[in-house]
Amino acid sequence: MKHIKTVNKANLKQTAEKGGCGKCQTSCQSACKTSCTVANQKCEAVK
Amino acid sequence: MIHKFKQNGRYIVLDVCSGGVHEVDELAYSLLDYAAPPFFDECPKEITDKLSEYPADEVKDCYNELKTLYDEGMLFTEDDYEKYADMALNAPIKAMCLHVSHDCNLRCKYCFAQTGDFGGDRMLMSPETGKRAMDYLIAHSANRVNLEVDFFGGEPLMAWDTVVETVKYARSIEKQHNKNFRFTITTNGILLDDEKIDFINREMSNCVLSLDGRKEINDNIRPCINGSGSYDIILPKFKKLVDGRGDKDYYVRGTFTKYNLDFAEDVLHINSLGFKQLSVEPVVADPSLPYAITEEDLPKIFSEYDRLEKIMEEQKLSGGKKFNFFHFMIDLDQGPCVIKRLRGCGCGNEYIAVTPDGDIYPCHQFVGIEEWKMGSIFSDKLSQEIKDKFAKLHIYSKEQCGECWARFYCSGGCNANSFIYEGDIRKPHKLACEMQKKRIECAIALESAE
């Protein structure tokens, strides 16, 4: 494409199919403790 | 739904519901003011007319590229995730914030724990209570294997025997229960010594080391009990701990307030001390307090985030990445699944806080607020009413989240912030939302820079 460069694979839809296993870290146990951020967590299922 | 923004001279488009990120030129960026589903085989004339400063053929070309992305499910994707919203009901408990100390040896002016006691008596958790908390977590974790325990306070090193005995006990029983404990600790560092550093580096998968940045900034707001500064006491100890940590995670974590709205300087200062994993976050405080962040501070805060992003982007592009900034970390390909993203931290449902005498609260920020007490580790009567209330909190049940472009990144935000500022766990705090959105833009821009 000339005008658009896609940076990543758009994959949220696919993650719904096998997601929700609950193995991942709770977000407040990392560094925040006062502000919730979820998108910087890792998926443990794809390790 | 899409969200488009400019960052550091680049035009970025986020397809909110697929997570797709596109870097576009100025024409495509402008065209997205007019182009939206349904897309037609040919670009409508009213669009080429509106963008008459560009050659019509170029506009048509660009329109077709947008249409292709739409057809491939990478632009204007629909949100059809609400059917997963109730998956957290009856979730097991998998994480615990263990308040081993409701006492502290610093007198930080912004402490949400009222200098460590959380509004109650100053007290330490006994080793026996720590062990029973581990039993409680195992008993309520169902089939979850990874169990997280954060030693917290007040200052957890003041209850060191309890930390050590709790870890040893948990390690002694984890295999028989098919569990894997991950310990973390959040400390101000005052009581660190070689023995504690060795133990922390051996047993803790992550540690959070509190330092607010420049000496004068840190010492003004994080004084010792006698009023003297804490910077010179803790710095050599933090350096020693991090030097011995190897590949294990750590964060040097600071808080910024109205007193240091130029907080990028503090991030850079902490990095200049040799630390590479950094987190500096806005204070949580009553708006009437002199150090609280208020709406008028937002332009300055945004410009500091922009400045940090620019510095980090330049470092990244020159191959010399020097540090991580927690709030700019994002994985655009293999981050959490969308089901995880529908709700935030899991507090009150998958995550609980336990006080020195064994009382259970939804998280550390709710501790001491009687109406949110959920039970005790010495009893099986956990408030199902409160647990369900948190389990039903998600981006579709919170006010404003369902229409917000950032909903799959902050996941509804911090429930404690919502309660503290808005008096309702379902009402996101506007100021926190604005800062969060800015950080997410910076994170996406930084991650996509190449």
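The values are calculated or read from the model by the stated rules, or taken from the named source; none is laboratory data. Please read all numbers here as calculations on a predicted model, not as lab measurements. Using ideal geometry, Cβ is built from the backbone for each residue, glycine included, and neighbour counts are taken over all protein chains shown. Note: accessible area is taken over every heavy atom of the protein model, side chains too, but ligands, DNA and RNA are not part of it. Shrake-Rupley method; radii C 1.70, N 1.55, O 1.52, S 1.80 Å.
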If you take every DSSP beta bridge whose two residues both sit in the protein assembly as shown, what share of them, in percent to the nearest 5, is antiparallel?
40
In the structure shown, do any of A:LYS33/B:LYS373; B:LYS109/B:LYS240; B:LYS258/B:LYS392; B:LYS248/B:LYS316; A:LYS2/B:LYS310 have a Cα-Cα gap over 24 Å, and if so which?
B:LYS109/B:LYS240; B:LYS258/B:LYS392; A:LYS2/B:LYS310
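Just check the stretch B:1-63 against the gyration tensor rule for me: Cα atoms, a ≥ b ≥ c as the square roots of the eigenvalues, rounded for a/c under 1.5, and otherwise prolate or oblate depending on whether a/b exceeds b/c. Before the final figure, lay out each step's value.
Numbers: a/c = 2.47, a/b = 1.41, b/c = 1.75.
Note, shape of the stretch B:1-63 comes out oblate.
Averaged over every viewing direction, what's the projected area of the C-alpha convex hull for the protein assembly as shown? Give it in nm², one decimal, please.
For the protein assembly as shown, the mean projected area of the Cα convex hull comes to 23.4 nm².
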Looking at the stretch B:53-185 only, what percent of DSSP beta bridges run antiparallel? Nearest 5 please.
15
Heavy atoms of B:ASP388 accessible to a 1.4 Å probe, total area in Å² rounded to 10
40
Relative contact order for the stretch B:239-384: what is it in percent, counting Cα pairs under 8 Å that are at least 6 residues apart?
16
Proximal lysines to B:LYS398, defined as alpha-carbon separation beneath 18 angstrom and excluding residues fewer than eight positions away on the same chain:
B:LYS83, B:LYS340, B:LYS387, B:LYS389, B:LYS427, B:LYS430, B:LYS437
Work out how much length B:CYS224 to B:ASN324 would gain on full extension: take 0.36 nm times their residue separation and subtract the Cα-Cα distance, in nm to one decimal.
33.1 nm
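Pull out the extension gain between B:GLU422 and B:THR68, defined as 0.36 nm times the separation in residues minus the alpha carbon to alpha carbon distance; nm, one decimal. Mind showing how you got there, number by number?
Working: separation 354, 0.36 × 354 = 127.44 nm, distance 4.31 nm.
Contour length minus the Cα-Cα distance gives 123.1 nm.
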Based on Cβ point charges of +1 for Lys and Arg and -1 for Asp and Glu, what charge dipole magnitude is obtained for chain B about its Cα centre, in debye rounded to the nearest 20?
1580
Work out the charge dipole of the stretch B:211-317 with +1 on the Cβ of Lys and Arg and -1 on the Cβ of Asp and Glu about the Cα centre, then indicate which of B:PHE275, B:ALA264, B:GLY213 is farthest towards its positive end.
B:PHE275
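Would you rank B:SER288, B:SER411 by solvent-accessible area, highest first, keeping every protein chain in place and using a 1.4 Å probe?
Greatest to least solvent exposure: B:SER288, B:SER411.
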FRET efficiency for B:GLU53 and A:MET1, using Cβ-Cβ distance with R0 set to 22 Å, rounded to 0.05
0.55
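If you take every DSSP beta bridge whose two residues both sit in chain B, what share of them, in percent to the nearest 5, is antiparallel?
Values: 19 of 50 bridges.
So the antiparallel bridges in chain B amount to around 40 percent.
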In the neighbourhood of B:ASP424 defined by beta carbon distances under 12 Å, the net charge of the other residues (Lys, Arg +1; Asp, Glu -1) is +2
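Note down the magnitude of the dipole of the stretch B:398-450 about its Cα centre, charges +1 on Lys and Arg C-beta and -1 on Asp and Glu C-beta and zero elsewhere, to the nearest 20 debye. Could the numbers behind the result be given before it?
Working: 8 positive and 8 negative charges, 34 e Å.
I would put it at about 160 debye.
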For B:LYS168, counting only aspartates and glutamates whose alpha-carbon sits under 17 Å away and dropping same-chain residues fewer than eight positions off, the answer is B:GLU128, B:ASP135, B:GLU148, B:ASP150, B:GLU195, B:ASP198, B:GLU203
